[in-house]
Amino acid sequence: MTLANGCFDLLHVGHVRYLRGARELGGKLIVAINSDESVRRLKGPARPAMPEGERAEIIAALECVDAVVVFGEPDVRALIREIRPDVQAKGTDYTRETVPERDEVISFGGRVEIVGDPKDHSTTEILGRIGN
């Protein structure tokens, strides 16, 4: 099983490529989505642009995704301890060494993989272009 996570505030091509890359690592793909409050803490009071239920529904509709869970903690350590994924997939804005939960995954024999295209897409940038 593979775990991927993020805010997924406005779905864009970078998200799709990240999730497809995570799915290609094998097994079921579980996607953890930051709760609305967690997004506000990370991105500021004007975010998220879409509520967590809608973000979860959109991600769950993707063919490559098997399950979605919403989390409110600052990172996915607690979820990792609970589900013990074989792989934690992170986007290219990380390296294997900079993934915050890396030690947690490795502690039970899992591995961290970096997937997706270069970080050339961002919800913050899209919202800025449309004046939000």
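If eta is 0.692 mPa s and T is 37 °C, what Stokes-Einstein diffusion coefficient results for the stretch 4-132, Kirkwood Rh from Cα pairs, in µm²/s? Estimated diffusion coefficient is 220 µm²/s. Given R₀ = 25 Å, what would the calculated FRET efficiency be for Arg81 paired with Asp120, taking r from the Cβ atoms and rounding to 0.05? Efficiency for this residue pair is about 0.15. Per residue, the chain exposes an accessible area of 53 Å² to a 1.4 Å probe, with every protein chain left in place.
Calculated [222 nm] ellipticity per residue, helices only, for the chain: -9500 deg cm²/dmol; basis is -39500 (n - 2.57) per DSSP H run with n ≥ 4, divided by all residues, nearest 500.
Annotation: extensible slack from Thr98 through Cys64 equals 9.7 nm (criterion: 0.36 nm per residue apart, minus Cα-Cα distance). Here the chain exposes an accessible surface that is 49 percent carbon and sulfur, computed with a 1.4 Å probe and the other protein chains kept in place. Placing +1 on the Cβ of every Lys and Arg and -1 on the Cβ of every Asp and Glu, with no other charges, gives the chain a dipole of roughly 140 debye about its Cα centre.
For the chain, build the charge dipole from Cβ charges (+1 Lys, Arg; -1 Asp, Glu) around the Cα centre, then report which of Thr95, Pro51, Leu62 sits farthest towards its positive end. Farthest towards the positive end: Thr95.
Annotation: extensible slack from Leu11 through Glu54 equals 14.4 nm (criterion: 0.36 nm per residue apart, minus Cα-Cα distance). With K and R counted +1 and D and E -1, the other residues having a Cβ less than 10 Å from that of Val99 yield a net charge of -3. For Lys119, give me every one of the lysines with a C-alpha distance below 22 angstrom, ignoring sequence neighbours fewer than eight places off in its own chain. Once the sequence-local lysines are set aside, what remains near Lys119 is Lys43, Lys90. Each Lys or Arg adds one and each Asp or Glu subtracts one; over the other residues with Cβ under 15 Å from the Cβ of Val16, this totals 0. Couplings 3J(HN,Hα) of the stretch 93-110, computed from phi: 7, 10, 10, 4, 6, 9, 5, x, 9, 3, 4, 4, 5, 5, 4, 10, x, x Hz, in residue order, whole Hz [Karplus 6.51 cos²θ - 1.76 cosθ + 1.60, θ = phi - 60°; x for Gly and Pro].
The values are calculated or read from the model by the stated rules, or taken from the named source; none is laboratory data. Everything numeric here is computed off the predicted structure, so don't read it as measured data. Here the Cβ is made from the backbone with ideal geometry for all residues, glycine too, and neighbour counts use every protein chain on show. Note: areas computed on protein heavy atoms with side chains; ligands, DNA, RNA excluded. Shrake-Rupley method; radii C 1.70, N 1.55, O 1.52, S 1.80 Å.
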